[in-house]
1. Can you compute the FRET efficiency between LEU22 and THR52 using 1/(1 + (r/R0)^6), with r the Cβ-Cβ distance and R0 = 41 Å? Round to the nearest 0.05.
2. Please give the contour-minus-distance gain from GLU90 to VAL120: 0.36 nm per residue of separation, less the Cα-Cα distance, rounded to one decimal in nm.
3. Whenever you get a sec, compute what percent of the accessible area on the stretch 13-130 sits on carbon and sulfur atoms (1.4 Å probe).
Amino acid sequence: MARITADMAGVAIAQSVENRSLTPCDWIMTIFGPAVNPHVTIGTNMIELTGTIPDGAHAVIDSHAKTITLTTKNGQTTSIFDWGVRGTGENGGHYVFQRIPAGTHPVTFPSSFGFDLQPVYERSDPSWKV
């Protein structure tokens, strides 16, 4: 399982994420506040929220479930689905739920906030015919 964690201050940070599967994979991203209009670019796609995550709070984006939630420092959770920028949709270059293609991809983001990115790999059993 690949994981990127960053919470450094200063200029934009560049990392990479690897999808070891042969097909695009879903992911879960947690962005830690404070953050104003946070955005992370994976490969050629920007994942962006248009809102403010307060200090001590965090937002969770789940590309498989297509949910975006905000949890405040006192534990209250609310949907912030409308903060997710969906651009022209999948493969449009600016889609909040874009799956990570197979291979290794650069990850860039402003270093004004911290986040955790966890690719989600699915397994399936081959169908057997007798």
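The values are calculated or read from the model by the stated rules, or taken from the named source; none is laboratory data. In this text the structure is predicted, and so the values were computed from the model without any measurement. Glycine gets a Cβ as well: all are built from the backbone with ideal geometry, and neighbour counts include every protein chain shown. Ligands, DNA and RNA are stripped out before the accessible areas are found, and what is left, the full protein with its side chains, is counted by its heavy atoms. Shrake-Rupley method; radii C 1.70, N 1.55, O 1.52, S 1.80 Å.
1. On the way: r = 39 Å, r/R0 = 0.94.
Efficiency, rounded to the nearest 0.05: 0.60.
2. Answer, rounded to one decimal: 9.0 nm.
3. 53
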